[in-house]
1. In whole Hz, with x marking every Gly and Pro, tabulate ³J(HN,Hα) for segment B:180-188 from phi via Karplus 6.51 cos²θ - 1.76 cosθ + 1.60, θ = phi - 60°.
2. If you count, for every residue in A:42-53, the Cβ atoms of partner chains within 10 Å of its Cβ, what is the mean?
3. Give me the mean projected area, in nm² to one decimal, of the convex hull enclosing the Cα positions of chain A.
4. Under Stokes-Einstein, with the Kirkwood radius over Cα pairs standing in for Rh, what whole-number D in µm²/s applies to segment A:169-254 at 4 °C and 1.567 mPa s?
5. Can you pull out the GluC sites (Glu not before Pro) in segment B:183-223 whose DSSP state is coil and whose Cβ has at most 15 other Cβ atoms within 10 Å?
6. Taking Rh as the Kirkwood radius computed over C-alpha pairs, what is the Stokes-Einstein D of chain B at 4 °C in a medium of viscosity 1.567 mPa s, expressed in µm² per second?
7. Stick to Cα atoms and the Kirkwood definition of Rh, then tell me Rg/Rh for segment B:102-200.
8. What list of ³J(HN,Hα) couplings, whole Hz, do you get for segment A:64-69 from phi and the Karplus terms 6.51, -1.76, 1.60, once you set θ to phi - 60° and write x for glycine and proline?
Amino acid sequence: MTARRLDIANLTVRARGGARAPLVAGIDLSLSSGEVLALVGASGSGKSMTCAGALDVLPPGTWRETGTLLVDGEPCQPKTVRGRKVATILQAPRSAFNPVLTMRRHAEETLKALGFPKPRWDAIIASAMADAGLGEPDRILALHPFEMSGGMLQRMMIALALMSEAPFLFADEPTTDLDLIVQSEILDCLDRLRKERGLGILLVTHDMGVVARLADRVAVMEAGRIVETGGIDRMFHEPAHPVTRRLVDAHLSLYAPDVAP
Amino acid sequence: MSLLAADAVSRAYETGMGWGERQKTRVLDAVSVSIEAGETVGLLGRSGCGKSTLARLLVGLERPDAGCVRFEGRPLDELSKAERLAFRRSVQMVFQDSLGAVDPRSTVRAILAEPLRHLLKLSKSEREPAIADLLRRVGLEPRDADKLPGQMSGGQLQRVCIARALAPQPKLIVLDEAVSNLDLHLQIQMLDLFEHLRRETGLAYLFVTHDLRLVERFASRVLVMDEGRVCEEAAVSRPLALASPAGRALGAAVLPAMPGATRRPARAAG
């Protein structure tokens with residue numbers, strides 16, 4: 001039975017150095033399958049630390065003080081969840097790949113780690129790559145990262161995430177640094193996966209345009225806390241918290257007055 | 001006479017691995033562009049269209065294979081020593097990758113002192129207040145001067161790079177995706193600062209980006225590049241309606257302002 005709901009409960013992350021305020025302070029988030037929850041906020045507000053803290057992959061010098069991860073209401077060890085129930089894609093796909101390995105080796109490494117039987121590998125790779133919008137899998141599997149564009153690499157990262165058959169995806173700034181055309185292709189791809197595979201996506205971004213395109217709900221972070229959560233329409237039309245209002249106003253000021261409310 | 005102009009410049013890079021089988025990939029094909037004093041020109045295009053190469057040629061970081069770049073009417077190759085100093089002072093550039101654009105072992109003070117010393121010939125006692133002033137202008141604190149690049153966030157460091165470009169009181173700043181890594185409210189704060197300086201001092205900008213929204217907000221004229229050529233030149237209107245296929249594709253890819261609409265209404269019609 002596929003998991004339908006993921007909860008992050010009371011997550012607190014601290015950095016070494018004593019009295020300083022926690023990087024993430026008692027956060028609660030819940031994500032359902034087929035839903036896109038956007039986690040937004042300024043850089044340094046703790047968005048990425050929330051993802052890393054939930055999955056217990058925090059950088060050195062930081063640690064999880066409190067926090068529970070629940071799958072369908074059952075508390076789980078993060079190490080049994082990451083890569084199996086929750087796949088992750090990151091910003092800057094170029095630095096996320098091993099430069100000396102082909103895409104096939106990356107895919108095989110993932111499948112081996114997940115313990116899929118070898119006879120199934122080709123079928124899993126083919127279906128994941130097709131769902132990530134990568135045609136000609138044989139040609140692409142032979143390539144090294146430097147032979148691929150940023151958009152292709154990000155699609156390959158999505159394909160690797162899909163191979164896990166995890167019901168949830170943490171997407172940390174998945175389209176930052178990609179040009180707008182590639183960005184909209186990647187967002188279309190994530191939208192399709194949410195609809196077709198019922199993927200539940202936690203989308204970390206600072207771009208409210210990405211949020212407007214894809215999200216169902218929005219959680220706004222500032223200084224390690226969630227200051228406002230709500231449905232996408234209310235957050236854009238009636239933002240309650242000053243931080244939300246500032247994000248929406250800054251975003252709308254980029255558009256000509258004809259599309260602003 | 002234009003402040004800075006490229007006259008049918010072409011540039012090719014060698015590609016290919018290992019020995020033998022090298023080939024030349026042409027990234028710019030007889031591109032011409034001119035920037036007048038006090039003007040903001042947007043240079044818009046997808047990744048890989050050659051816009052950064054054009055920017056590098058314009059500031060003299062690379063030389064064109066064919067064609068020439070002129071500063072105040074004079075080809076860069078023919079500038080005298082004094083003219084070259086004036087060119088270096090007048091034309092500044094801000095890069096996308098701020099961490100790669102500074103010496104990681106220099107303090108912010110040393111980073112900002114360099115142009116003040118070499119291009120403005122300020123003495124040590126004159127430099128300190130100038131550094132504090134530059135930091136305040138970009139929304140940082142004078143005490144940030146003691147920090148090293150690694151101690152700052154990407155957004156703070158990019159503002160140091162912008163302050164460094166402003167330091168020699170230039171006539172033109174080339175901004176190569178210089179604000180795209182910043183949070184949106186910082187992007188807008190920087191664009192407002194640039195606009196303020198343009199009004200106050202007549203500074204001109206070449207604004208290199210793939211984001212049509214920023215061009216629309218900030219530039220008065222736009223050049224659209226595709227596969228090493230300028231395929232469209234237009235005055236910026238709001239909303240910006242581009243005619244070339246490359247320009248229209250960039251317009252169609254702009255993210256929606258509000259949820260519900262998958263495309264901006266104004267673009268879907270265009």
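1. 5, 8, 8, 4, 4, 5, 6, 4, 5
2. Details: counts 6, 8, 5, 1, 0, 0, 0, 0, 0, 0, 0, 0.
Across the residues of A:42-53, the mean count of other-chain Cβ atoms within 10 Å is 2.
3. Numbers: hull surface 59.2 nm².
Result: a mean projected hull area of 14.8 nm².
4. Values: Rh = 13.6 Å.
In µm²/s, the coefficient rounds to 95.
5. Values: sites: B:GLU195, B:GLU200, B:GLU216; in loops: none.
Those that pass, being in a loop and sparsely packed, number zero.
6. Stokes-Einstein gives a translational diffusion coefficient of 66 µm²/s.
7. Numbers: Rg = 12.9 Å, Rh = 13.7 Å.
Radius of gyration relative to Kirkwood radius: 0.94.
8. Couplings: 8, 7, 9, x, 10, 10 Hz.
The values are calculated or read from the model by the stated rules, or taken from the named source; none is laboratory data. Keep in mind it's a predicted model, so treat the numbers as computed, not measured. Quick reminder, even Gly has a Cβ in these numbers, built from the backbone with ideal geometry, and neighbours come from all protein chains shown. Each accessible area value is taken on the protein alone, full model and side chains, heavy atoms only, with ligands, DNA and RNA left out. Shrake-Rupley method; radii C 1.70, N 1.55, O 1.52, S 1.80 Å.
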